[in-house]
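The values are calculated or read from the model by the stated rules, or taken from the named source; none is laboratory data. Since this is a predicted model, take the numbers as computed values, not measurements. For neighbour counting, all protein chains shown are included, and Cβ atoms are generated from backbone atoms with ideal geometry for every residue, glycine included. Heads up: the accessible areas ignore ligands, DNA and RNA and are worked out on the full protein's heavy atoms, side chains in. Shrake-Rupley method; radii C 1.70, N 1.55, O 1.52, S 1.80 Å.
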Amino acid sequence: MAYEHILTETRNGVGLITLNRPKALNALCSDLIAEVSEALDGYEKDEKIGAVVITGSEKAFAAGADIKEMSSMSYMDAYLGDFITPWDRVAQNRKPIIAAVAGYALGGGCELAMMCDFILAGDNAKFGQPEITLGVMPGAGGSQRLTRFVGKSKAMDMCLTGRMMDAEEAERCGLVSRIVPAGDLVEEAVKTAQKIADFSLPIVMMTKESVNRSYETTLNEGLKFERRLFHSMFATEDQSEGMAAFVDKRKPQFKNK
Ligand code: HXC
């Protein structure tokens, strides 16, 4: 499938989406988001795909929503056009998505990365919610997801001052899972995604669902949800195979990959 603003390829069970608007530092115009959503929907349906990586360039994951596209919007354009809702497809995807972030992840770029399941950062990554400098505030989850990732104090600091956070600070405060040299980032992200894709897909999907549930509910409700899912796994062939393989001291051959 040929897209205008993204590149897609599959590597051994992994779908790789590369944001590709270099002249605008991968600013996230509506057409780009529509293409990302379409590619993700395709990977979600494709039974050969077990995990997805979204990345940008070494200079920019994405420098935000497209300011030139938004600059002349009226309230009615924003409200009736509802241009942010298509972004939700990223967070709603049922398969694991890794954001591989090098360079700038600002505004909507940071929000897009946080919609993914975890973030691997290149050592040159810079995260920020600079919307305040443009006379607006985060609109695609920044004030909500960033606060859950890094806590209130740092989220307030980022959203109210618009300052950027480097990769080390982002790792320290839990925004990213780990840092790798920027030059190795995509390879490392794909390798990580391949590791996930090698496990049982339904078990991976349920695990994602359970971790995500912890954001939405109380500890007790979350624990009950986890317990039900855990019990249900004993109805899968892959649970039998995974545990039998351990006992037999061999590598499991999961059926539902
Ligand atoms: C449109 C953008 C852009 C953006 C960069 N460009 N960011 N175009 N929207 N978000 C364009 C520039 O206009 C320029 O195009 C080209 O990319 C290169 O950018 P420079 O500024 O020349 O690069 P540099 O000096 O290296 O500075 C990099 C930068 C800066 C620090 C990342 O570009 C910057 O501050 N960008 C804006 C970051 C931002 O405010 N993001 C939040 C957006 S609001 P030309 O044609 O001039 O060469 C947002 C709200 C989301 O995301 C709400 C939900 C949808």
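Checked against a 19 Å cut-off, the cross-linked pairs K45/K224; K126/K195; K95/K126; K95/K257 give Cα-Cα distances beyond that limit for K45/K224; K126/K195; K95/K126. Oblate is the label for the range 15-103. Its Cα gyration tensor axes, ordered a ≥ b ≥ c, give a/c of at least 1.5 and b/c at or above a/b. The rule of thumb for compact globular proteins, 2.2 N^0.38 Å, goes into the C-alpha radius of gyration of the range 4-195 0.96 times.
Taking 0.36 nm per residue of sequence separation and subtracting the Cα-Cα distance, how much length would be gained by fully extending the chain between R227 and N256, in nm to one decimal? Walk me through the numbers before you get to the answer.
Numbers: separation 29, 0.36 × 29 = 10.44 nm, distance 2.15 nm.
Between R227 and N256, full extension yields an extra 8.3 nm.
Could you please state how large a percent of the accessible area of the chain is carbon and sulfur, counting protein chains only and using a 1.4 Å probe?
Values: 7610 of 13840 Å².
Carbon and sulfur together cover 55 percent of it.
Computed over protein heavy atoms with a 1.4 angstrom probe, the accessible surface ordering of H5, H231, largest first, is H231, H5.
Quickly estimate the mean residue ellipticity at 222 nm for the chain, helices only: each DSSP H run with n ≥ 4 gives -39500 (n - 2.57), and the total goes over all residues, rounded to 500. Don't skip to the end; give the middle numbers.
Numbers: 12 runs with 119 residues, N = 257.
After summing the helix terms and dividing by residue count, I get -13500 deg cm²/dmol.
For the residues F230, F149, F118, a GNM of the chain with alpha-carbon springs under 10 Å puts the largest fluctuation on F230.
Treating only the Cβ of Lys, Arg, Asp and Glu as charged (+1, +1, -1, -1), what charge dipole size does the chain show about its Cα centre? Round to the nearest 20 debye.
It comes to approximately 740 debye.
Projecting the Cα positions of L146, C110, I54 onto the charge dipole of the range 4-195 (unit charges on Cβ atoms of Lys, Arg, Asp and Glu, taken about the Cα centre) puts L146 furthest along the positive direction. When the range 199-246 is described by a simple charge dipole with +1 on each Lys and Arg Cβ and -1 on each Asp and Glu Cβ, the residue from L219, L201, A244 located farthest towards its positive end is L219.
Loop sites only, by DSSP: take the GluC sites (Glu not before Pro) in the chain that have at most 16 other C-beta atoms within 10 Å and name the longest stretch containing none of them. Don't skip to the answer; put the middle values down first.
Numbers: sites that count: E4, E47, E58.
Counting at most 16 other Cβ atoms within 10 Å as exposed, the longest clean stretch of the chain is 59-257.
Under 14 Å between alpha carbons, and skipping anything fewer than 8 positions from K251 in its own chain: which aspartates and glutamates qualify? Counting by Cα, and skipping residues close in sequence, K251 has these aspartates and glutamates nearby: D198, D238, E241.
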